[in-house]
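Just so you know, all these numbers are worked out from the coordinates, no wet-lab data involved. Keep in mind the model is a prediction, meaning the values are calculated, not measured. Glycine gets a Cβ as well: all are built from the backbone with ideal geometry, and neighbour counts include every protein chain shown.
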Amino acid sequence: MRFLLLFSRQGKLRLQKWFTPISEREKKKIIRDMTSMVLARQPRSCNFLHWKDLKIIYKRYASLYFCLAVDNQENELLALEVIHRYVELLDKYFGNVCELDIIFNFEKAYFILDEFLIGGEIQETSKQVVNRCIESSDMLQETMEEYMSKPAF
Amino acid sequence: MSPSIPLQEMIRAIRSARTQCEERGVIQRECAAIRAQFRQVDNGGARSHNLAKLLYVHMLGYPAHFGQMECVRMIASPRYSEKRVGYLGAMMLLDEKQDASLLITNSIKNDLAHSNQYVQSLALCTLACMGSAEMCRDLAPEIDRLLRASNSYIKKKAALCAVHIVRKVHDLGELFAPAARSLLAEKNHGVLHGAVVLITQLCERNPEALERFRKTVPDLVQIMKGLVISGYSPEHDVAGISDPFLQVRILRLLRILGRHNETASDAMNDLLAQVATNTDSTKTVGNAVLYETVLTVLDIKSESGLRVLAVNILGRFLLNNDRNIRYIAMTSLQRIVGTDHNAVQRHRGTIVDCLKDQDASVNRALELSLALVSASNIRTMMKELAQAASGIFHAAERYAPSQRWHIDTILHVLTTAGGDVRDETVPNLIQLITNTSELHCYTVHKLYRALLTDISQPSLVQVACWCIGEYGDLLLKGECQETEPSQVTEDDALDALETVLQSHMSSPATRGFALTATMKLSTRITENVDRIRSIVSIYGSCMDVELQQRAVEYNALFRKYDHMRYLTSVLYVIGSNEEAVVSISVRCSLQVCDLLDLLGGSEEPLQPSTALGLPNSTSTAGGDLLDLLGGLELTPLAPGLTHAHTHTHTHTHTHTHTHTHTHTHTHTHTHTHTLVETEREPEVKNLTKTKLQTETSSLRIK
């Protein structure tokens with residue numbers, strides 16, 4: 001995978017994860033291109049696009065668009081499953097996740113993503129294991145905080 | 001200095017800013033506060049949430065480079081919460097191009113050896129995300145150590161970190177090969193997945209490694225079999241498939257190992273057949289596995305039976321309701337149509353059926369269909385393609401590489417299969433031609449020539465007649481950039497139209513087109529107006545009622561209001577009410593003429609050359625004319641006039657570009673404009689409300 005973007009229907013970026021080194025300017029341009037391309041799509045068209053030498057897979061969940069860019073030899077259908085898995089993980093963590101959760105807890109969304117993907121590849125295929133790890137990390141943070149008696153994050 | 005506010009409050013403040021300017025103000029204030037906080041030596045627990053605020057601001061697109069050093073400091077902190085945000089910041093703000101990234105190498109090294117696995121995990125994740133070649137070389141031995149001796153949680157992450165390292169520094173592949181091999185014996189799916197990805201990476205980079213890893217084919221087959229046959233496993237089950245992610249990765253690795261190698265391919269034949277037949281294809285996830293299987297079968301040296309099975313799976317995909325699946329089936333078939341031509345031919349019917357779809361996949365279907373045409377099936381193919389003609393038109397419209405290609409394609413379809421084209425394509429084509437103003441000359445020449453060769457295809461004839469009527473002046477001018485020059489005289493053009501009028505093959509509708517075109521030509525030619533007059537008067541006693549009425553009205557224009565004939569250039573109509581609208585428009589023009597008589601407008605006869613200008617721009621004068629009427633109260637006028645209004649009203653939105661239509665456009669434009677205006681107001685007010693509503697709707701409810 002090359003990058004993963006989450007943006008709202010108005011084109012506001014909610015999450016960005018880049019798996020290859022790209023300059024800031026390049027990133028901004030890609031974000032602009034992706035949002036305009038994906039938002040221009042008809043509601044019942046195919047979820048796959050071609051852009052430069054990459055395949056773009058996007059899926060809309062409520063008010064959020066999940067946009068994933070992969071190399072040409074990747075399996076697009078599986079990419080859809082990857083997106084779906086991430087949504088399921090978010091849902092389990094936040095309980096009926098909605099866009100607002102991701103806005104106000106963006107760092108948590110990143111932590112969850114980092115337990116699911118590393119370097120653009122899946123690191124754990126079991127939902128339960130990923131959830132357990134996130135919970136443990138959170139616990140670690142909380143106990144440390146309690147120990148240090150500082151306000152929680 | 002204002003005290004800094006907690007992260008969530010800042011987010012709220014930014015979101016409630018009503019203008020971009022206000023938002024910038026809030027952010028500038030916050031950034032100033034954050035900068036000040038960074039400069040303080042120790043801030044207690046506030047450090048992590050300051051950095052988090054900066055990261056949020058960064059995501060909105062504002063500069064945040066002053067946070068880089070803070071990331072470095074946070075990563076070095078002993079507190080887990082600070083490390084967590086610090087590493088996140090490093091992944092977002094630092095990349096290998098920044099100098100500051102090198103500074104965290106030491107911290108990462110230390111954290112890789114940390115006693116707590118979650119800290120180790122942070123380091124591994126960050127290294128795999130933004131590690132530069134130098135950092136990778138530095139830390140590779142550490143990663144190798146972790147690959148061999150640690151728990152599954154760390155091993156799986158270390159494997160993917162190794163993948164990143166190999167991508168950055170190819171030579172280090174050698175280092176990880178032995179560890180990768182041994183990881184295949186693990187039971188943990190996460191580790192297995194990481195191992196498969198690592199081995200794939202090593203094989204792709206290094207042919208020697210590929211040779212060595214071929215020996216793992218039996219092990220991979222074994223693992224795969226276990227997944228396919230095993231019963232329900234709650235940990236890894238996705239819609240009845242056991243760990244589809246791992247299955248797909250194994251299939252991909254098998255593909256690489258089996259390519260160009262008979263032995264390896266033989267070893268996996270049975271397995272592939274088993275997966276192809278046993279995988280449940282009712283959900284996307286099953287189809288993802290099947291898709292990967294098909295790709296593997298077609299890429300390795302598989303036996304023919306297996307290949308046919310694979311192509312049949314693709315054929316089944318073409319019938320799937322899901323657009324995505326049809327799309328990938330099409331792209332896959334396209335890739336193999338050269339090598340497995342016969343197998344693909346068997347699914348020709350389904351492929352052509354897909355042409356009726358109006359998605360981008362249609363383009364692929366068209367290419368694929370054309371690739372399947374051969375001497376033996378050309379007749380049937382053309383018939384099948386003709387039925388899908390409207391799909392072709394839609395696809396051509398949306399995805400045409402150039403205007404000229406678009407028009408050529410349409411003309412081509414019309415000439416080959418015009419008889420099977422549906423009726424509504426004629427108006428759509430007329431609209432298309434109108435909108436392509438730079439190609440009017442080219443189009444009219446081409447259509448004229450098509451008309452000379454064959455007048456049996458009604459759609460083609462109708463469009464051609466309309467074109468000649470509309471752009472007759474361009475036809476008669478002679479030179480045209482895009483085609484070979486030809487001399488078309490006024491007589492030639494009229495001959496063509498008369499042939500259509502007199503032919504027994506022409507339907508009444510077609511004759512109507514031809515007659516109207518003839519009439520329109522009267523304003524575009526100079527010498528043969530009398531001939532036109534005589535043609536028109538002949539049809540005044542025609543058996544067909546519609547034609548007769550039309551001819552009579554045209555005759556009236558000739559007799560009474562010769563100078564008003566130019567108004568007929570606005571007789572451009574589409575839609576099923578064609579005849580009705582034509583006659584109403586004519587009546588409208590006649591009534592306009594009567595009106596002007598009443599106003600005494602005929603004192604200044606409108607000279608074609610001055611007031612109405614050249615035939616091309618009759619519209620502007622027509623526009624002036626009706627602007628004159630715009631000031632009048634129209635309702636007391638004859639019902640015919642209001643009828644015209646409602647008719648033109650419904651058609652305006654499709655004809656906004658024709659120059660001949662500007663007069664109707666201006667008239668009804670104000671009407672539609674206000675409608676939009678009033679509708680816009682309440683929308684704006686509710687924006688924030690609806691915005692919040694959509695943001696709170698759960699992502700899972702579909």
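Rounded, prolate or oblate: which one fits the range B:300-355, using the alpha carbon gyration tensor with axes a ≥ b ≥ c (rounded when a/c is under 1.5, else prolate when a/b beats b/c, else oblate)?
Prolate is the answer for the range B:300-355, as a/c is 1.5 or above and a/b outweighs b/c.
So if each residue of separation counts as 0.36 nm, and I subtract the Cα-Cα distance between B:Glu208 and B:Glu303, what length gain in nm does that give?
Full extension of this stretch gives 31.6 nm more.
What relative contact order, as a whole-number percentage, does the range B:133-180 give when Cα pairs under 8 Å and 6 or more residues apart are counted?
43 percent
What is the average number of partner chain Cβ atoms found within 10 Å of a Cβ in B:150-159?
Details: counts 0, 0, 2, 5, 0, 0, 6, 6, 1, 3.
The shielding value for this peptide is 2.
Which ³J(HN,Hα) values in Hz, rounded to whole numbers, follow from the phi angles of the range B:256-266 under the Karplus curve 6.51 cos²θ - 1.76 cosθ + 1.60, where θ = phi - 60° and Gly and Pro get x?
Calculated HN-Hα couplings, in order: 5, 6, x, 4, 6, 9, 5, 4, 4, 4, 4 Hz.
Starting from the Cα of A:Arg132, step 7 Å toward the Cβ, then list every residue of the range B:234-258 with an amide N under 16 Å from that point.
Flagged as within label range: B:234-237.
Using per-residue counts of other Cβ atoms within 10 Å, averaged over each peptide, order B:210-218, B:442-450 from highest down. Write down the numbers at each step before the final one.
Working: B:210-218: 16.3, B:442-450: 22.3.
Result, highest mean Cβ count within 10 Å first: B:442-450, B:210-218.
Which value in nm describes the separation of the simple spin-label points at B:Glu527 and A:Lys28, placed 7 Å from the Cα toward the beta carbon?
Computed distance between label sites B:Glu527 and A:Lys28 equals 6.5 nm.
Expressed in nm to one decimal, what extension gain is obtained for the pair B:Thr696 and B:Asn555 from 0.36 nm per residue of sequence separation less their Cα-Cα distance?
44.0 nm
Return the long-range amide H neighbours of B:Val238 (sequence gap of 5 or more, or a different chain), with a cut-off of under 5 Å between placed amide H atoms.
Those lying under 5 Å, H to H, from B:Val238 are B:Asp243.
In debye, nearest 20: dipole of the range B:171-318 around its Cα centre with unit charges on the Cβ of K, R (+) and D, E (-)?
Dipole about the Cα centre, nearest 20: 180 debye.
With the contact rule set at Cα under 8 Å and sequence spacing of 6 or more, what percent relative contact order holds for the range A:3-149?
Taking the mean separation of contacting Cα pairs over the length of the range A:3-149, I get 19 percent.
To the nearest whole number, what is the average tally of beta carbon atoms from other chains within 10 Å of the beta carbons of peptide B:46-52? If you can, show how the numbers build up before the last one.
Values: counts 2, 1, 5, 4, 0, 1, 3.
Partner-chain Cβ atoms within 10 Å, mean over residues of B:46-52: 2.
May I ask you to derive the FRET efficiency for B:Ala113 and B:His412 from their Cβ-Cβ distance with R0 = 56 Å, giving the value to the nearest 0.05?
After rounding, the FRET efficiency stands at 0.20.
Can you flag which of A:Lys127/B:Lys283; A:Lys55/B:Lys215; A:Lys28/A:Lys92; A:Lys52/B:Lys53; A:Lys59/B:Lys283; A:Lys55/B:Lys187 are past 27 Å Cα-Cα?
Working: A:Lys127/B:Lys283 19 Å; A:Lys55/B:Lys215 32 Å; A:Lys28/A:Lys92 31 Å; A:Lys52/B:Lys53 34 Å; A:Lys59/B:Lys283 16 Å; A:Lys55/B:Lys187 33 Å.
Where the Cα-Cα span goes over 27 Å, the pairs concerned are A:Lys55/B:Lys215; A:Lys28/A:Lys92; A:Lys52/B:Lys53; A:Lys55/B:Lys187.
With contacts defined as alpha carbon pairs under 8 Å and 6 or more residues apart, what's the relative contact order of the range A:68-131 in percent?
That works out to 28 percent.
Between A:Tyr61 and residues 5 or more places away or on another chain, which pairs have amide H atoms under 5 Å apart, with H built 1.01 Å from N, and which residues are they?
For A:Tyr61, the qualifying residues are A:Phe66.
Need one word for the range A:45-153: rounded, prolate or oblate. Basis is the Cα gyration tensor (sqrt eigenvalues a ≥ b ≥ c); a/c below 1.5 gives rounded, then a/b vs b/c decides.
Details: a/c = 2.57, a/b = 2.01, b/c = 1.28.
Prolate.
Provide the packing ranking of B:131-137, B:514-520, i.e. peptides ordered by the mean count of other C-beta atoms within 10 Å per residue, highest first.
Highest to lowest by the protection proxy: B:514-520, B:131-137.
Once phi is turned into ³J(HN,Hα) by the Karplus curve 6.51 cos²θ - 1.76 cosθ + 1.60 with θ = phi - 60°, what whole-Hz value does each residue of the range B:461-477 show in order, with x for glycine and proline?
5, 5, 4, 5, 4, 4, 4, 4, x, 6, 10, x, 4, 5, 5, 6, 5
Stretch B:Asp492-B:Thr282 to full length: gain in nm at 0.36 nm per residue minus the Cα-Cα span? Write out the running numbers ahead of the final one.
Details: separation 210, 0.36 × 210 = 75.60 nm, distance 6.26 nm.
Gain on stretching B:Asp492 to B:Thr282: 69.3 nm.
Equivalent-ellipsoid semi-axes (√(5λ), Cα gyration tensor) for the range A:19-103, whole Å, largest first?
Working: eigenvalues 97, 51, 41 Å².
Largest first, the range A:19-103 gives 22, 16, 14 Å.
What does the structure give for A:106-119 when I average, per residue, the other chain Cβ atoms found within 10 Å of the residue Cβ? List each step's numbers first, then the result.
Working: counts 7, 11, 0, 0, 7, 6, 0, 1, 12, 4, 0, 4, 17, 16.
Per residue, the average neighbour count from other chains is 6.
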